[in-house]
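Asks: To start, I am sharing the structure in question, which I have written as structure tokens.
The values are calculated or read from the model by the stated rules, or taken from the named source; none is laboratory data. A quick note: this is a predicted structure, and the numbers were derived from the prediction, not measured. Here Cβ is always computed from backbone atoms with ideal geometry, including for glycine, and neighbour counts include all displayed protein chains. Side chains included, ligands, DNA and RNA excluded: accessible areas come from the protein's heavy atoms. Shrake-Rupley method; radii C 1.70, N 1.55, O 1.52, S 1.80 Å.
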Amino acid sequence: MIKTGQRGRIAARNACLALPYLVPLLLVACGPAKAASCSPKIMEKLRAPASSGLKPVEISCDVSLAQSDNIVRPVIFSGSRASGVVFDCNGATIDGSAAKGRTVLIRSRKLPQGKWDVPTDITIRNCHIRGDLRIQGLGANGQAEQVKASSQHPGHTLRAQAAAPKRILLDNLTFSGSAGVPLYLAPGVADVTLQNSRFTGKAESTVVYLDAESARNTIVGNVFAASPKWREVLAVDGSANNRIENNRFVNPLTGGIFLYRNCGEGGTIRHQPPKGNVVRANTFEYKLPVARPAVWIGSRQGVSVFNSYCLVQPKMLLGGLDHKDGADDNTVVDNSLPGGSPNLIVNDGARNRLANNR
């Protein structure tokens with residue numbers, strides 16, 4: 001239920017429909033107004049102890065925590081009512097270790113007639129997150145039902161991006177713990193900036209995942225010191241035109257940055273190849289001489305337990321889309337590999353520019 005006091009701000013944010021003839025039934029937020037500060041009632045819910053339950057708290061107002069705060073309930077930003085919000089922990093902790101579900105979730109809301117109410121221009125900064133942060137639109141991951149359904153038709157990339165949150169700033173965050181994927185950008189998420197942040201502890205899977213059809217995200221000035229159990233630190237799965245620069249990867253023995261297209265998993269066709277990405281001036285620090293690649297362009301090339309679907313359906317439905325990674329036209333330059341060697345940069349794509357990696 002939308003409160004009366006919120007209607008004017010929501011209407012101002014959603015004053016336009018972007019490309020209605022190309023992207024039918026998608027509501028795109030534009031021009032977010034500045035959010036007001038949260039009421040004492042919301043702050044009380046946010047700070048409530050675990051003994052009172054672990055129900056999520058929906059945030060549609062600015063938050064400024066005290067460094068001593070320890071938030072133990074999930075924090076959710078839903079739809080355009082959360083646009084323009086600044087959530088500043090000021091060094092406080094959001095501890096999702098006891099709660100089920102996401103620790104921090106930014107999500108679009110599906111409205112009647114299939115329209116999507118999209119959050120934009122959210123800032124989350126100065127937080128210690130014990131758990132994970134997920135940003136999602138059409139679905140929570142590449143196998144979600146609405147993602148799969150959209151992927152069966154041309155124009156899937158454009159639909160996924162129009163329905164997903166965008167222009168999210170994640171600044172000076174510290175992730176710790178053993179969440180499956182500490183930071184997950186679900187299909188279509190675009191224009192997210194992750195900067196000045198640090199990942200520690202362990203991860204069951206990758207540390208950061210850029211899922212299919214996502215684009216134009218910036219990952220700059222971060223430290224990746226978390227240890228994945230078996231996978232690469234940063235997955236670029238069918239994600240395009242991202243900028244990954246000036247980051248530090250501490251002993252990434254299971255892999256650094258892998259660019260690929262996870263074709264066919266869950267029956268979803270990945271339309272967009274991992275192209276146009278820039279991986280520049282990162283440092284990969286090694287303590288052991290034997291490791292999986294620091295950067296691997298085209299790390300799968302269709303070799304997957306899921307590729308039986310890809311070998312048939314994409315060509316039939318989309319007139320030629322195949323199961324190869326399509327990891328072409330990327331730039332990997334000026335990266336340093338102390339303790340390693342240039343052989344840790346692997347190029348299995350085409351027209352990729354590699355230079356001055358040492």
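Asks: In region 213-250, what residues are more than 24 Å from residue 163 (Cβ to Cβ), of a type outside the set (Gly, Ala, Ser) and in contact (Cβ under 8 Å) with a residue 40 or more places away in the chain?
Replies: Matches in region 213-250: 232, 249.
Asks: Hey, another quick one. Exactly one condition in (1) under 18 Å from the mean Cα position of the chain (by Cα); (2) of a type in the set (Lys, Arg); (3) modelled with pLDDT under 95 is false for residue 100; which is it?
Replies: With respect to (1) under 18 Å from the mean Cα position of the chain (by Cα); (2) of a type in the set (Lys, Arg); (3) modelled with pLDDT under 95, residue 100 is out only on (1).
Asks: Same structure again: Being aliphatic (A, V, I, L, M) and at pLDDT 95 or above is the filter here, so list the residues in region 285-344 that pass it.
Replies: Hits for region 285-344 are 294, 295, 297, 332, 333, 337, 344.
Asks: When you scan region 129-141, do you find a residue that is out of contact with any Ser or Thr (no Cβ under 7 Å at 6 or more places or on another chain), under 18 Å from residue 77 (Cα atoms), open to solvent by less than 30 Å² (accessible area, probe 1.4 Å) and basic (Lys, Arg), even just one?
Replies: Yes: one or more hits.
Asks: Tell me yes or no: at least one residue of region 53-60 is closer than 27 Å to residue 195 by Cβ, touching a residue at least 60 places away in the same chain (Cβ under 8 Å) and assigned to a loop (DSSP other than H, G, I, E, B).
Replies: no
Asks: Now, a different point. Yes or no: region 71-81 includes at least one residue that is touching a strand residue (DSSP E or B) at 6+ places or on another chain (Cβ under 6 Å), among the hydroxyl-bearing types (Ser, Thr, Tyr) and at pLDDT 95 or above.
Replies: Within region 71-81, one or more residues are touching a strand residue (DSSP E or B) at 6+ places or on another chain (Cβ under 6 Å), among the hydroxyl-bearing types (Ser, Thr, Tyr) and at pLDDT 95 or above.
Asks: I've got another one for you. Evaluate the following for residue 178: is it hydroxyl-bearing (Ser, Thr, Tyr), at pLDDT below 95 and open to solvent by 30 Å² or more (accessible area, probe 1.4 Å)?
Replies: Spelling it out, residue 178 is indeed hydroxyl-bearing (Ser, Thr, Tyr), at pLDDT below 95 and open to solvent by 30 Å² or more (accessible area, probe 1.4 Å).
Asks: Moving to a separate point now. Restricting the first residue to region 337-348 and requiring it to be closer than 16 Å to residue 253 by Cβ and in a strand (DSSP E or B), which pairs with a second residue that is open to solvent by 40 Å² or more (accessible area, probe 1.4 Å) and hydrophobic (A, V, I, L, M, F, W, C) meet a Cβ separation below 7 Å and a spacing of at least six or different chains?
Replies: 345/354; 346/296
Asks: Right, something else. Output the residue which, of all residues in region 136-161 that are among the aliphatic types (A, V, I, L, M) and closer than 19 Å to residue 105 by Cβ, is nearest to the chain's Cα centre (by Cα).
Replies: 140
Asks: Can I ask one more? Would you mind stating whether residue 66 is more than 28 Å from residue 159 (Cα to Cα) and either modelled with pLDDT under 95 or among the basic types (Lys, Arg) (or both)?
Replies: no
Asks: Take residue 112 and decide whether it is over 22 Å from residue 177 (Cβ atoms), at pLDDT below 95 and either surrounded by fewer than 21 Cβ atoms within 10 Å (Cβ to Cβ) or among the hydrophobic types (A, V, I, L, M, F, W, C) (or both).
Replies: Answer is yes for this residue.
Asks: Mind checking which residues of region 42-81 are under 23 Å from residue 119 (Cα atoms) and open to solvent by 50 Å² or more (accessible area, probe 1.4 Å)?
Replies: Scanning region 42-81 gives 45, 55, 56, 58, 64.
Asks: I would also like to ask the following. State whether one or more residues within region 142-156 are in a strand (DSSP E or B), open to solvent by 10 Å² or more (accessible area, probe 1.4 Å) and free of Cβ contacts under 8 Å to residues at least 60 places away in the same chain.
Replies: There is no residue in region 142-156 that is in a strand (DSSP E or B), open to solvent by 10 Å² or more (accessible area, probe 1.4 Å) and free of Cβ contacts under 8 Å to residues at least 60 places away in the same chain.
Asks: Let me ask something else about it. Would you confirm whether any residue within region 126-141 is closer than 18 Å to residue 217 by Cα and either hydroxyl-bearing (Ser, Thr, Tyr) or in a helix (DSSP H, G or I) (or both)?
Replies: no
Asks: Answer yes or no: is there a residue in region 48-68 that is basic (Lys, Arg) and within 22 Å of the chain's Cα centre (by Cα).
Replies: No: zero hits.
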